[in-house]
1. In the range 37-194, with Lys and Arg counted as +1 and Asp and Glu as -1 at Cβ, which of these residues, Phe108, Leu89, Tyr75, has the Cα nearest the positive end of the dipole, that is, farthest along it?
2. For the range 141-191, list log₁₀ I(q)/I(0) at each q in 0.23, 0.29, 0.30 Å⁻¹, using the Debye formula over Cα point scatterers of equal strength and ignoring solvent, two decimals each.
3. If I take every Cα pair under 8 Å that is 6 or more residues apart in the range 41-161, average their sequence separation and divide by the length, what percent do I get for the relative contact order?
4. What Kirkwood Rh does the range 37-194 have if only Cα atoms enter the pairwise 1/r average? Answer in Å.
5. Between Lys86 and Lys65, how high is the FRET efficiency from 1/(1 + (r/R0)^6) when r is the Cβ-Cβ distance and R₀ = 41 Å? Nearest 0.05.
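Taken together, the values in this text are just the output of simple stated rules run on the coordinates, not laboratory data. What you see is a predicted model, and the numbers here were worked out from it, not measured in a lab. All Cβ positions, glycine included, derive from the backbone under ideal geometry; neighbour counts span all protein chains shown.
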Amino acid sequence: MTRGLAPSLPAEVHRMGSFRRPRPRFLSSPVLSDLPRFQAARQALQLSSNSAWNSVQTAVINVFKGGGLQSNELYALNENIRRLLKSELGAFITDYFQNQLLAKGLLFVEEKIKLCEGENRIEVLAEVWDHFFTETLPTLQAIFYPVQGQELTIRQISLLGFRDLVLLKVKLGDLLLLGPARPPPSIVQMLLILQPGATPGSGPRSRS
């Protein structure tokens, strides 16, 4: 890969699609046509105050901060999610993960990259991607293993989130121009997985 190709890469990545962002919801007295949205907001509020969900939320944020799961914690988290899926809150788990937990967790990732300056930032991005792809992503999949049959899997949602909430915000084109003529293998792998036309989550699972 040469420096001449670098500016086109962010534009290619940008055309993959869109990552659904949360819309503001207001809990004022709704008119009849607003009832579905009002009910959804109320359920999300109930989910955020649910003790079983709080244990899941704490574990996920800890994973994004670089922590791991304690002994037998994964089993307990899976059981909590199974109970939630059987409740009226079950339909909101995936949306809440995408719009709240994932967005919050990836903010830590973005900030870590932006703390570095100059050509070192591309190396930090490579390290961050390595950790996300080999450690964070498999752990998220394990925690949310009971969540099945959704339009997008937890893996796909997480990869799209990394693309939209991290990669597109750190100005990859500038990083590639400042970095070495040949990008680190991890960056090449990242672009192959997140490139247009690729099914998120179907790319190679190890470093190229």
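1. Sorting the options by dipole projection puts first Leu89.
2. The computed values of log10 I(q)/I(0) come out as -0.89, -1.12, -1.16.
3. Across the range 41-161, relative contact order equals 33 percent.
4. 16.7 Å
5. 0.85
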